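Here's the structure we're looking at; comments come further down.
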Amino acid sequence: MKKLPSSYQEPKIFDNKYIIKQKLSSGSFGVVYLAIHKVTREEVAVKLEKEDQETLDREVYLLTKLQGIQGITKLYWFGNEQNYNVMVIEILGKDLSYYVKNYNQLSLKTGLQLLEQLLTIFNNVHNKGIVHRDLKPENIMMGKINSAQAYLVDFGVSKQIFDQGKHIPFRDKKSFIGTTRYASIAAHKGYEIGRKDDLESLMYVIIYLILGKLPWQNLQIIGDKDRTIVVGEVKMQTSIQQLCKDLPSPFSEYLNYLKDLKYQDQPDYELLKRIMRQCSDTNTYDNQFEWTDKIPEKLQENIQQNSFLAVPNGLNDQNRQNTKKQSYMGSQSSNIVKYIPSFQEAIPNISQPQKIITSQPHIEVLKQIDTVDFDDIEENMKNYPTLEQKLLRLKEFDVKFKEECISHSAIHVFHH
């Protein structure tokens with residue numbers, strides 16, 4: 001693990017915008033920090049590595065090509081400060097290894113939904129001529145606010161497979177790339193990794209999530225042999241039928257389809273989705289996972305893309321204080337707040353001074369209104385740094401905002 005100067009452990013600003021708050025993780029790549037934009041108060045992740053390495057440079061280059069794809073982290077800024085490469089990206093939630101530790105095994109439904117989402121993401125990534133080459137549960141993360149959206153992360157060992165519009169040729173005698181447990185058989189053979197190999201690794205990950213194990217895990221009595229070689233041998237000896245014996249037959253069909261593809265062949269991602277959808281009915285794909293809470297139907301009908309959470313009018317001072325406190329503390333009352341479809345409907349009817357707690361106090365249309373920054377919100381909410389997290393703590397509503405409106409339309413209105 002690389003040590004960073006002690007100054008990095010203290011509050012620090014990068015690009016004169018991003019204020020470091022706390023360390024999130026560290027590894028061979030360097031360190032990842034949680035930071036907050038000093039103007040918008042948006043949370044971001046700041047990834048650092050020593051400038052003499054090229055991993056972050058490669059990742060930034062590839063992420064730039066992948067921007068705009070759903071399920072790919074947004075890249076906000078990249079630069080060099082104090083002999084470190086610095087990348088500022090969208091903050092995400094937990095990775096799949098976290099959920100495996102908490103649930104041991106994930107349901108077939110969860111596995112199928114993740115597979116469907118990731119097939120779409122890989123389709124878009126591969127269409128940009130990029131292969132990931134290191135898929136594992138740690139490199140699949142769920143959204144910070146929308147925990148039902150999967151993200152493909154860490155493109156540090158990824159590669160472009162198209163050169164001037166042409167697919168790079170097949171090569172062998174290549175060094176092993178990837179994570180031993182989930183790498184494709186071609187990776188163990190020293191072959192150049194292609195699109196089909198990403199999808200093979202994806203299936204190994206999904207099988208691991210559902211069954212909690214793979215046949216080549218925890219091998220005993222390896223002796224002096226290289227573990228990567230031994231695991232590769234076991235993978236080659238394990239038939240697709242044997243690997244999928246405890247799973248519905250489409251799992252075998254998926255892997256057999258990939259087995260028949262040649263190195264340069266483009267996989268049919270939609271065909272693979274159709275194959276896997278044979279495992280269950282369409283109700284399986286409702287975007288609900290072990291870790292997500294179902295939104296009540298009546299609230300689902302009321303939540304629009306640009307909705308606002310507002311305290312009703314007509315409260316005296318004491319009641320207003322009680323309402324504010326109750327809404328934060330998770331009161332069981334169901335009439336504390338209401339949803340207003342748009343900013344235009346929420347704001348023009350102002351007849352008295354109001355305060356708005358907002359994640360975007362700099363937005364031009366809000367400058368006419370007295371705004372309250374996060375730092376001024378009740379002490380008991382200090383562990384929920386963004387407005388969206390605070391709103392999601394209103395237990396009586398159990399609401400999750402649509403991802404596209406996060407940080408732009410969620411506004412909590414309190415009347416003086």
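The values are calculated or read from the model by the stated rules, or taken from the named source; none is laboratory data. These figures come from a predicted structure and were not determined experimentally. Ideal geometry is used to build each Cβ from the backbone, glycine not excepted, and the neighbour counts take in all protein chains shown.
Would you be able to say whether some residue in the range 139-161 is closer than 15 Å to Gly71 by Cα, in contact (Cβ under 8 Å) with a residue 40 or more places away in the chain and over 15 Å from the mean Cα position of the chain (by Cα)? The answer is no; no qualifying residue exists. When Gln67, Gln160, Gln82 are checked against the criterion of being more than 30 Å from Pro250 (Cβ to Cβ), surrounded by fewer than 16 Cβ atoms within 10 Å (Cβ to Cβ) and assigned by TED's automatic domain parsing to the domain that holds Leu209, a single residue qualifies: Gln160. For the range 133-155, residues that are hydrophobic (A, V, I, L, M, F, W, C), at pLDDT 95 or above and farther than 24 Å from Ile185 by Cα total 4.
For beta carbons closer than 6 Å, sequence separation of 6+ or different chains, a first residue in the range 261-280 that is in contact (Cβ under 8 Å) with a residue 60 or more places away in the chain and a second that is hydroxyl-bearing (Ser, Thr, Tyr) and crowded, with 16+ Cβ neighbours inside 10 Å, the qualifying pairs are Leu272/Tyr254.
Only one entry in Lys245, Lys262, Lys225, Lys273 is loosely packed, with under 15 Cβ neighbours inside 10 Å and more than 26 Å from Gly190 (Cβ to Cβ), namely Lys245.
List the helices (runs of 4 or more DSSP H) that sit entirely inside the range 184-241 and contain at least 1 residues that are farther than 22 Å from Phe170 by Cβ.
195-211, 227-237
When every residue of the range 285-308 is checked against the conditions, none turns out to be within 30 Å of Glu192 (Cα to Cα), in contact with a helix residue (DSSP H, G or I) (Cβ under 6 Å, 6 or more places away or on another chain) and at pLDDT 95 or above. Those strands (runs of 3 or more DSSP E) of the range 9-109 in which 2 or more residues are over 29 Å from His126 (Cα atoms) and among the hydrophobic types (A, V, I, L, M, F, W, C) occupy 18-27, 30-37.
So which of Ile91, Ile121, Ile130 ends up being surrounded by 20 or more Cβ atoms within 10 Å (Cβ to Cβ) and more than 22 Å from Ser184 (Cα to Cα)? Lay out the reasoning, then the answer.
Numbers: Ile121 fails: more than 22 Å from Ser184 (Cα to Cα); Ile130 fails: more than 22 Å from Ser184 (Cα to Cα).
Testing whether each residue is surrounded by 20 or more Cβ atoms within 10 Å (Cβ to Cβ) and more than 22 Å from Ser184 (Cα to Cα) leaves just Ile91.
Quick grid of which residues meet (1) surrounded by 15 or more Cβ atoms within 10 Å (Cβ to Cβ); (2) under 15 Å from Gly93 (Cα atoms); (3) in contact (Cβ under 8 Å) with a residue 40 or more places away in the chain:
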| residue | (1), (2), (3) |
| --- | --- |
| Lys17 | yes, no, yes |
| Ile36 | yes, no, yes |
| Glu42 | yes, yes, yes |
| Lys50 | no, no, yes |
